[in-house]
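Student: Please read through the structure below; I'll follow up with questions.
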Amino acid sequence: MTTFNRADSRPTVLVTRRFPDGSTRPLHDAGLDVEQWAAEEPMSRDTLLAKVAGVHGLLASITERVDQELLDAAPALRVVAEYGVGYDNIDVEACTRRGVVVCNTPGVLAETTADLTWSLILTVGRRIGEAIDHVKDGQWQGWNPNVLLGQDVHHRTLGIVGLGAIGWQVARRALGFDMRVLYYSAHRHPELEAQAPVSFVDLEALLRESDFVTLHAAFTPATRHMLSTAQFKLMKKTAYLINVARGGLIDQRAVYEACRDSEIAGAALDVTDPEPMPRDDPLLTLPNVIVVPHIGSATVATRIRMGTLASDNIVAVLKGATPPTAVNLDRL
Ligand code: 8YV
């Protein structure tokens, strides 16, 4: 691995977004030469390709695609640090072939994203979006025993697809609601089953039995559209779907049809495919669907923690140390 110890060769780092103040402090503290994109909007692809020429470190987010084309434009690149836990915007194989370390920010956003997941579970289950509109639109005529009846959350069954750090934090919170918790994951987690009553089931059983199905799986070619029409037909008509992972995990057209045709009770999406969701997307016309703009990790403290960890990863690689959270070190 190349290190930079000569006084005349300050490594350069490109930070692609205007992350919250304090996020990139470790880069500055380490004396790296940092260029930070200052505008609120992401830079264009052409600008990105021009700016990576000569950089040694790249702090990128979901809005930047790190692929062979970018690597070809960045011959000095040694490390790409994703500002986030999901790194489906990065071609890890191409980076590995080039000897570029890829890092992400697991753990630091798990509780915050679980909190957002719970906001969405309660919001769709209790029809809070519709209730807010009801009042704002002047439909509130006084108390009515039949208005805006939702589904109980407590004592119901929660189905967690993907029991990683975020899924686990969602499960822990469910216990406070006396829920039965099922999970389906790439691997069974006996160590977690020993800590809390969570039961491993296959996906079909999870879909059939859950009142709330929440997605926390990584987005890969294998998980693309893992939920589509056939899977929604397995779900209870009273069940809700929650997605805070990646939009591509579900077939969005099929979600629309399932929610429109009352195959399922509704959906709450923090992530869509594409992002942003076009304003004329039919999903936005359905009263039983809520969409929020990818805010799973959006708290001040967590966003700074993500930036700090991403920066720590870059500093470590450029100083010749082991980065705290790399994803491809074993293959380099
Ligand atoms: C990030 C996320 O805000 O961590 C993730 O995978 O989806 C979000 O928390 C986003 O990825 C920004 O890059």
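Student: What are the residues in the stretch 279-332 that are part of a loop (DSSP other than H, G, I, E, B), open to solvent by less than 20 Å² (accessible area, probe 1.4 Å) and within 16 Å of the ligand (Cβ to nearest atom), if any? Please lay out each step first, then the result.
Tutor: First, pick out the residues of the stretch 279-332 that are part of a loop (DSSP other than H, G, I, E, B): 279-281, 286-288, 292-299, 319-325, 327-328, 332.
Subsequent filtering for residues that are open to solvent by less than 20 Å² (accessible area, probe 1.4 Å) retains 296-297, 323, 328.
Result: Gly296, Ser297.
Student: Scanning for something of a type outside the set (Val, Ile, Thr), in contact (Cβ under 8 Å) with a residue 40 or more places away in the chain and within 16 Å of the ligand (Cβ to nearest atom), does the stretch 61-69 turn up at least one residue?
Tutor: Checked the stretch 61-69: at least one residue is of a type outside the set (Val, Ile, Thr), in contact (Cβ under 8 Å) with a residue 40 or more places away in the chain and within 16 Å of the ligand (Cβ to nearest atom).
Student: Another one. Inspect the stretch 118-137 for any residue being within 26 Å of the chain's Cα centre (by Cα), at positive phi, away from the ligand (no atom under 12 Å from the Cβ) and in a loop (DSSP other than H, G, I, E, B) and give the result as yes or no.
Tutor: Yes; the residues of the stretch 118-137 include at least one that is within 26 Å of the chain's Cα centre (by Cα), at positive phi, away from the ligand (no atom under 12 Å from the Cβ) and in a loop (DSSP other than H, G, I, E, B).
Student: Tell me the residue from Asp8, Asp21 that is within 24 Å of the chain's Cα centre (by Cα), at pLDDT below 95 and either buried (at least 22 other Cβ atoms within 10 Å of the Cβ) or not polar (S, T, N, Q) (or both), please.
Tutor: Values: Asp8 fails: within 24 Å of the chain's Cα centre (by Cα).
After applying the criteria, what remains is Asp21.
Student: Next question, about the same structure. Which numbered condition trips up Trp140, out of (1) outside any loop (DSSP other than H, G, I, E, B); (2) more than 16 Å from the ligand (Cβ to nearest atom); (3) open to solvent by 50 Å² or more (accessible area, probe 1.4 Å)?
Tutor: (1)
Student: In this structure, does Ala196 turn out to be touching a Lys or Arg at 6+ places or on another chain (Cβ under 7 Å), surrounded by fewer than 17 Cβ atoms within 10 Å (Cβ to Cβ) and either aliphatic (A, V, I, L, M) or outside the structural domain of Met277 (by TED's automatic domain parsing) (or both)? Explain how you work it out, then say what you get.
Tutor: Numbers: touching a Lys or Arg at 6+ places or on another chain (Cβ under 7 Å): yes; surrounded by fewer than 17 Cβ atoms within 10 Å (Cβ to Cβ): yes; either aliphatic (A, V, I, L, M) or outside the structural domain of Met277 (by TED's automatic domain parsing) (or both): yes.
Answer is yes for this residue.
Student: Oh, and also: List the number of the failed condition for Ala265; all other conditions in (1) surrounded by fewer than 24 Cβ atoms within 10 Å (Cβ to Cβ); (2) touching a helix residue (DSSP H, G or I) at 6+ places or on another chain (Cβ under 7 Å); (3) in the same structural domain as Gly150 (by TED's automatic domain parsing) hold.
Tutor: (2)
Student: A follow-up question, please. Looking for whichever is under 15 Å from Leu318 (Cα atoms) and loosely packed, with under 13 Cβ neighbours inside 10 Å here; the options are Asp29, Asp33. Which one fits?
Tutor: Details: Asp33 fails: loosely packed, with under 13 Cβ neighbours inside 10 Å.
From the options Asp29, Asp33, the qualifying one is Asp29.
Student: In the stretch 268-277, which residue that is in a loop (DSSP other than H, G, I, E, B) and in contact with a Ser or Thr (Cβ under 9 Å, 6 or more places away or on another chain) is least open to solvent (accessible area, probe 1.4 Å)? Lay out the reasoning, then the answer.
Tutor: Step one: of the stretch 268-277, the residues in a loop (DSSP other than H, G, I, E, B) are 270-277.
Now restrict to residues that are in contact with a Ser or Thr (Cβ under 9 Å, 6 or more places away or on another chain): 270, 275.
Numbers: Asp270: 3, Glu275: 82 Å².
Here the answer is Asp270.
Student: Does the stretch 311-329 contain any residue that is touching a residue at least 40 places away in the same chain (Cβ under 8 Å) and closer than 19 Å to Glu130 by Cβ?
Tutor: no
Student: Still on this structure: (1) in contact (Cβ under 8 Å) with a residue 24 or more places away in the chain; (2) under 24 Å from Lys237 (Cα atoms); (3) open to solvent by less than 50 Å² (accessible area, probe 1.4 Å); (4) part of a helix (DSSP H, G or I): which one isn't true of Trp168, the others all being true?
Tutor: So Trp168 meets the others, but not (2).
Student: Among the helices (runs of 4 or more DSSP H) contained in the stretch 1-108, which hold 1 or more residues that are under 20 Å from Ile304 (Cβ atoms)? First the steps, then the outcome.
Tutor: Numbers: elements: 25-29, 45-51, 68-73, 92-97.
It comes to 25-29.
Student: Do we find that Ala174 is at pLDDT below 95, assigned by TED's automatic domain parsing to the domain that holds Ala218 and either under 27 Å from the mean Cα position of the chain (by Cα) or of a type in the set (Asp, Glu) (or both) in this structure?
Tutor: Answer is no for this residue.
Student: Please specify each residue of the stretch 236-247 satisfying the condition of being open to solvent by less than 10 Å² (accessible area, probe 1.4 Å) and either within 12 Å of the ligand (Cβ to nearest atom) or over 25 Å from Asp88 (Cβ atoms) (or both). I'd like the intermediate steps shown before the answer.
Tutor: Within the stretch 236-247, the subset open to solvent by less than 10 Å² (accessible area, probe 1.4 Å) is 239, 241-243, 247.
Passing the criteria: Ala239, Asn243, Gly247.
Student: Consider Glu93 carefully, then state whether it is within 14 Å of the ligand (Cβ to nearest atom) and within 27 Å of Ile314 (Cα to Cα). So that I can check it myself, show each step before the final result.
Tutor: Values: within 14 Å of the ligand (Cβ to nearest atom): no; within 27 Å of Ile314 (Cα to Cα): yes.
Considered against the rule, which asks whether it is within 14 Å of the ligand (Cβ to nearest atom) and within 27 Å of Ile314 (Cα to Cα), Glu93 comes out as no.
Student: Filter the stretch 70-90 down to residues that are without any contact (Cβ under 8 Å) to a residue 24 or more places away in the chain and of a type outside the set (Gly, Ala, Ser) and give me whichever is farthest from the ligand (Cβ to nearest atom).
Tutor: Pro75
The values are calculated or read from the model by the stated rules, or taken from the named source; none is laboratory data. Everything numeric in this text was worked out from a predicted model, so none of it was measured. Every residue, glycine among them, receives a Cβ derived from its backbone with ideal geometry; neighbour counts consider all protein chains shown. Protein only, heavy atoms only, side chains kept; ligands, DNA and RNA dropped before computing areas. Shrake-Rupley method; radii C 1.70, N 1.55, O 1.52, S 1.80 Å.
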